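Undergrad: Dropping the structure in here first, questions after.
Taken together, the values in this text are just the output of simple stated rules run on the coordinates, not laboratory data. Since we're looking at a predicted model, the values are computed, not measured. Because the Cβ atoms are built from the backbone with ideal geometry, glycine has one as well, and the counts that use them run over all protein chains shown.
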Amino acid sequence: MGLSLGSLGWLPLKAEPAAADSAVIQQFCMAAFNSAFARAGKTPPQGMGAFTCDCLDQRIREGDDLGSARETCTMEASRRFPLPKG
């Protein structure tokens, strides 16, 4: 019982690297974002995850390293989506 090439027909033959990279960044970012809020027992404001992950993707594509992009986007998201204290 093996994997036939026909079963991979849904895969694109050629993908745009930037689009593929963005999709991976978005998936990992949203998973980490949701996990962080779940561990904290909090619900993020509507749109905060998408904003943060879009920012991270953009910063990385512009050449920032992951740490710098994360720091910048976390600060920007905190300003745009202030969380209640406590």
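Undergrad: Got a sec? How would 75, 30, 48 order by Cβ neighbour count within 10 Å, fewest to most?
TA: If I rank by nearby Cβ atoms, fewest first, I get 75, 30, 48.
Undergrad: Tell me which trypsin sites (Lys or Arg not before Pro) from segment 55-86 have a DSSP coil assignment and no more than 16 other beta carbons within 10 Å of their own.
TA: Working: sites: 59, 61, 70, 79, 80, 85; in loops: 85.
Here the trypsin sites (Lys or Arg not before Pro) that fit, given the DSSP loop and packing criteria, are 85.
Undergrad: Which net charge results when you count Lys and Arg as +1 and Asp and Glu as -1 among the other residues whose beta-carbon is under 14 Å from that of residue 55?
TA: -1
Undergrad: Also, I was wondering about something else. Can you give me the relative contact order of segment 17-80 as a percent, contacts being Cα pairs under 8 Å and 6 or more apart?
TA: About 32 percent, as a whole number.
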